[in-house]
1. Can you name the residue in the range 126-157 that is among the charged types (D, E, K, R), farther than 17 Å from residue 186 by Cα and touching a helix residue (DSSP H, G or I) at 6+ places or on another chain (Cβ under 7 Å) and is also surrounded by the fewest Cβ atoms within 10 Å (Cβ to Cβ) among such residues?
2. With respect to residue 298, is the statement that it is under 11 Å from the mean Cα position of the chain (by Cα), more than 20 Å from residue 367 (Cβ to Cβ) and of a type in the set (Gly, Ala, Ser) true?
3. Take the residues of the range 244-263 that are in a loop (DSSP other than H, G, I, E, B) and not charged (D, E, K, R): which is nearest to residue 285 (Cα to Cα)?
4. Can you name the helices (runs of 4 or more DSSP H) wholly within the range 394-459 that have at least 1 residues being among the charged types (D, E, K, R)?
5. Go through the residues of the range 111-125 one by one and say whether even a single one is in contact (Cβ under 8 Å) with a residue 12 or more places away in the chain, under 17 Å from residue 66 (Cα atoms) and surrounded by fewer than 24 Cβ atoms within 10 Å (Cβ to Cβ).
6. Kindly indicate which of 334, 309, 324, 317 is out of contact with any Leu (no Cβ under 7 Å at 6 or more places or on another chain), crowded, with 17+ Cβ neighbours inside 10 Å and under 26 Å from residue 263 (Cα atoms).
7. Looking for whichever is acidic (Asp, Glu), surrounded by 15 or more Cβ atoms within 10 Å (Cβ to Cβ) and free of Cβ contacts under 8 Å to residues at least 12 places away in the same chain here; the options are 209, 254. Which one fits?
8. Return the total of residues in the range 151-180 being over 34 Å from the mean Cα position of the chain (by Cα), under 19 Å from residue 200 (Cβ atoms) and part of a helix (DSSP H, G or I).
Amino acid sequence: MCDKILLKRFLWVILVLLILPTTAGCQDLEPAIKAYEKGDYNQAIQLLSQYILQKPNEPEAYFYLGNAFLKKEMLDSAIVQYKKALDLKSKYWQALYQLGYAYYKQKRYDEAKETFASGLKIKERGEFYNGLGLVQMAKDMLKDADLSFWKAISYDPKNPEFLKNRGDVNFKKGVLAIAIESYNDALALDSTLVDVHYNLGQSYLKQMEFNKAMEEFKTVIRLDPKHKEAYLALGNLYMLDRRHYPEARVIYEEYLKFDQQNSRVHLNLGDTYYSLSRIVNFLPLAEGDTLFKPQILSKSVENLEKSIALDPKVADAYFLLGKAYQDLGKFPEALKAYENYERLLSEQNYEWKKEDADYWVRKGQAQVEIGDSALIPTAITSLTRAIELDSTKTGAYSYLGSALYKQKKYTEAIPFFKKKIESDTSNANAYMNLALCYLQLKQFQEAREPLKKVVELDPNNSKAHDLLAGVYYQLKQYQEAAEEYLAKLRLDPNNCELEGNAGTCLLLAKLSAQAIHHLRKAVSCFPRNANYLLMLAQALETNENTEEARQYYLKVLEIDPKNKEAQDRIDYIDMKTIH
């Protein structure tokens, strides 16, 4: 009995002695493995190197050391360590897979393929099929890659990496339905996979499922706030719809925190600021500040200038820059940008199309607005070009007319304003411009009808009422002139001068009773105005208020003793009274 007990104790001691070295070795590896798992690869490399110096025959140490080098993209060093692990343990499949993956990362595809294939001879595992799929996808053997990933999934359907890779190969094949299904399956297993969300967003984008794509890119940013590609993709997606320009602006600003050298982002950001300036007068910012319209346009200019500095060969940047400067009222700068735009298109042998008419309208407008008479002929050339490209660009007719008007070529301007009216019979400005040409030519009869149309379309247009009243006066249509002054008086009821003008015209129209009311108001405002006093006296006399009329004639003589008309009327009244 004692002998049996002693034998058992002896065997137990031997077993412990056999186990202890291995257990101690694993325990010694633990700090290095923990450093690796925490992402502290430098610390892991240091601890593993020290461990290997003491225990050079532990394949696991070489395996983890290779992994640490792989994470630091030190691929040659990683390959050396995996080979050492395999020298010690030839069927160490994990090291074999990592060796193949390191070859794959180095684009040594033949060696990677051979390594993964040798792994499958040891044991068929999903990892080796996955590795083969990666190599095949890199070599554009997409059907073979799809099959390899499918085999990998059949061995391990719960591995999100395999599902993600099958999604990638189908994305490259253009089989978006399978790509989306694979990505969603991967995310069902691990919803934190940033790259899968990003690739899924790109798949939705290709299928034009924009809302779903937006949500995926937003998820990427939430999981990884430094994922600049997601900011770029989301910003570009927002750019597809001008209603989302406010969001695009915010996203592009975030992207630029990571990369200031992307000329296209500066161009798009300049575009968003310019577009926003067209629809808002002020823009609240997240920081609590507010940009007003000129500042919004200045931000557009700032980003467009940066875009051009980074890539001076993008014509659209100059066109946008010109528009931003033009809206800021900086017309020389706008024309300089437009010249660069034309230069680049000329270098590309570009042929102007119908849709380019807007450019020529803008350029012509800028040339007119500068106010330099030397530029007027070139403005006319630009605006004529716009009409030649697209006859519906009726705004060009107005600017052509304006350009000629500024040159005092009133007769030449008239046909262009008429063409504008033909294309848009409800445009009050065109009628007004036409009337102004006729007035400059003193063609009052012709000016009357367009002015009547202005007040019909815009009853509150004070200037039009005033001009039309003047035209009626010149045509001796005094009652109509009075009506226009009264219409203007309704818009400006405290204007005593209008009271005087209306009263004068009513008197001339032989409506003295109506004239008295308005002339009294004019005289109350201007008691020393001899003309108003004379008109009131005449209205009163005509209305048989002789004595009161005489008093006003006397007031006229107090102001203007040599006023013959007032003296004659007093003499007439006195003589009539004597008789």
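Quick note: the coordinates plus some simple rules give every number you see, no bench work behind them. Just so we're clear, the structure is a prediction, and the values are computed from it rather than from any experiment. Quick reminder, even Gly has a Cβ in these numbers, built from the backbone with ideal geometry, and neighbours come from all protein chains shown.
1. Ranking the qualifying residues of the range 126-157, first place goes to 139.
2. No; evaluated as a whole, the condition is false for this residue.
3. Looking at the filtered set, the residue picked out is 256.
4. 395-406, 410-423, 444-457
5. Yes, there is a match, as at least one residue in the range 111-125 is in contact (Cβ under 8 Å) with a residue 12 or more places away in the chain, under 17 Å from residue 66 (Cα atoms) and surrounded by fewer than 24 Cβ atoms within 10 Å (Cβ to Cβ).
6. 334
7. None of the other options fit; the residue is 209.
8. Final tally of qualifying residues: 10.
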